[in-house]
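The next block holds one structure in the form of structure tokens; read it before the comments.
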Amino acid sequence: MHLLPDSRELGCTVVGAHVHVRHRANPNGALAKSRFPRTVPASDAVLAAYAGYQHERAALAGEDGTEMVMVNLYHQPLGAPMTYRAAKGWFERLAAGCGFPVRPHMLRHTAATNWVRAGIDLDVVQALLGHASLASTTVYLHARDEDKRRAVEAVAAGKRYR
């Protein structure tokens, strides 16, 4: 992750805060499915949330020395990279509190849908998700009834939809 406005001094040519997504072996077995590396820009909201997480992480686990983003904060070993089992348990507790199934992959669906609703072109959404095919991206799009209504009304009024 390069969270600085300019990371050229670190040898990175990407401008602005961003995350590098690359396929590699990690100590906890987590991996990016994509065989092709890419970067995803990080918004100010993401930077603020991550800063809050880092503050909580340091208070609970101390300086753990791992470069892994998600670490154990509430069970032993504190500060160790979060395993699949720990992450699954975290989402199961979240789902129990919400009253409906919650899975990590839902975050990708939500991001893709929100990007489309914000008027982002599908090829940009495809690149952000790291898909080689646009057909893979369309699986992530979820039109609501109000989206369909707005589209029909815009065309009927002779306006551009968005």
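Of the labelled figures [x] 8, 22, 23, 24, 15, 7, 1; [y] 9, 32, 40, 18, 1; [z] 9, 26, 37, 20, 7, 2, 0, only one reflects P(r) over Cα pairs in 10 Å bins from 0, in percent as derived from the coordinates, namely [z].
Backbone N atoms of segment 35-77 closer than 15 Å to the 7 Å Cα→Cβ label point of F91 belong to residues 70.
Using DSSP to call loops (not H, G, I, E or B), can you name the trypsin sites (Lys or Arg not before Pro) in segment 1-95 whose Cβ has at most 16 other Cβ atoms within 10 angstrom?
On the way: sites: R8, R22, R24, K33, R35, R38, R57, R85, K88, R93; in loops: R22, R24, K33, R35.
Of the trypsin sites (Lys or Arg not before Pro), the ones in loops of segment 1-95 whose Cβ has at most 16 other Cβ atoms within 10 Å are R22, R24, K33, R35.
By the equivalent-ellipsoid construction on the alpha carbon gyration tensor, segment 104-162 comes out with semi-axes of 24, 13, 9 Å, ordered largest to smallest.
Of the GluC sites (Glu not before Pro) found in segment 54-162, those that fall in a DSSP loop while having at most 15 other beta-carbon atoms within 10 Å are E63, E67. The chymotrypsin sites (Phe, Trp or Tyr not before Pro) found in segment 38-110 that occupy coil by DSSP, while having at most 11 further C-beta atoms within 10 Å, are Y74. Here the contact order of the chain, divided by its residue count and restricted to Cα pairs under 8 Å and six or more residues apart, works out to 12 percent.
When only Cα pairs below 8 angstrom with a gap of at least 6 residues are kept, segment 104-162 shows a relative contact order of 32 percent.
For the chain, find the longest principal axis of its Cα atoms and tell me its angle to the long axis of helix 44-61, 0 to 90°, nearest 10. The two axes meet at around 20 degrees.
A short reminder: the numbers here are calculations on the coordinates, not readings from a lab. Note that the structure is a prediction, hence the values are computed from the model and not measured. Note that we place each Cβ from the backbone using ideal geometry, even for glycine, and neighbour counts take in every protein chain shown.
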